[in-house]
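A quick write-up on the structure given underneath.
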Amino acid sequence: MDRPNCFVLTGMPGAGKTSLLTELRNQGEIGYDEPARMVLIEQLERGGPAVPDTDPLLFVHAMLQKNFANFLGMSDSHVFCDRGRSA
């Protein structure tokens, strides 16, 4: 399960990872947001239980599902991932 076309954007909070990912997308590249952020947004919008304060195990499970779906959906072109992506 090697993905040499996957690049993970890392750095300290506020370093500009998300801004860079946004700009890469604007230029036509494929990019995935940080899984924790995606799960939190989805759960908070619908009042779901998969948040760290309510059910930490369910939150981790939701992040793993998101990671796995992203991994399986990757194409052969360049893919950029915001930090906590395990690919």
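The values are calculated or read from the model by the stated rules, or taken from the named source; none is laboratory data. Everything numeric here is computed off the predicted structure, so don't read it as measured data. A quick note on method: Cβ atoms are made from the backbone with ideal geometry, for glycine too, and the neighbour counts reach across all protein chains shown. Areas reflect the complete protein model, heavy atoms only, side chains present, ligands, DNA and RNA absent. Shrake-Rupley method; radii C 1.70, N 1.55, O 1.52, S 1.80 Å.
May I ask you to list the residues in the stretch 12-50 that are closer than 15 Å to ARG83 by Cα and among the basic types (Lys, Arg)? Can you show your working first?
To start, the set of residues in the stretch 12-50 that are closer than 15 Å to ARG83 by Cα comprises 12-22, 24, 30-39.
Of everything in the stretch 12-50, those that are closer than 15 Å to ARG83 by Cα and among the basic types (Lys, Arg) turn out to be LYS17, ARG37.
Just checking, how many residues over the stretch 1-50 are open to solvent by 80 Å² or more (accessible area, probe 1.4 Å), assigned to a helix (DSSP H, G or I) and touching a strand residue (DSSP E or B) at 6+ places or on another chain (Cβ under 9 Å)? Outline the logic, then answer.
Within the stretch 1-50, the subset open to solvent by 80 Å² or more (accessible area, probe 1.4 Å) is 1-2, 4, 7, 10, 12-14, 19-20, 23, 25-27, 37, 41, 44-46.
Within this subset, residues satisfying the condition of being assigned to a helix (DSSP H, G or I) are 19-20, 23, 25-26, 37, 41, 44-46.
So of that shortlist, the ones also touching a strand residue (DSSP E or B) at 6+ places or on another chain (Cβ under 9 Å) come out as 20, 25, 37.
Number satisfying all stated conditions: 3.
So ILE30 fits all but one of (1) free of Cβ contacts under 8 Å to residues at least 24 places away in the same chain; (2) of a type in the set (A, V, I, L, M); (3) under 28 Å from SER77 (Cα atoms); what number is the exception?
(1)
Under 7 Å by Cβ, and 6 or more places apart or on different chains, what pairs join a residue from the stretch 65-84 that is in contact (Cβ under 8 Å) with a residue 40 or more places away in the chain with one that is of a type outside the set (A, V, I, L, M, F, W, C) and assigned to a helix (DSSP H, G or I)?
From the stretch 65-84, the pairs are ASP82/LYS17; ASP82/THR18; ARG83/LYS17; GLY84/PRO35.
Please work out if ASP53 is open to solvent by 80 Å² or more (accessible area, probe 1.4 Å), at pLDDT 85 or above, charged (D, E, K, R) and assigned to a loop (DSSP other than H, G, I, E, B).
yes
Being farther than 23 Å from HIS78 by Cβ and modelled with pLDDT under 95, is that true of even one residue in the stretch 14-27? It would help to see each step written out before you state the result.
Kept after step one, since they are farther than 23 Å from HIS78 by Cβ, are these residues of the stretch 14-27: 14.
So of that shortlist, the ones also modelled with pLDDT under 95 come out as 14.
Within the stretch 14-27, one or more residues are farther than 23 Å from HIS78 by Cβ and modelled with pLDDT under 95.
If you go through the stretch 56-76 one residue at a time, how many are crowded, with 19+ Cβ neighbours inside 10 Å and either hydroxyl-bearing (Ser, Thr, Tyr) or modelled with pLDDT of 95 or more (or both)?
2
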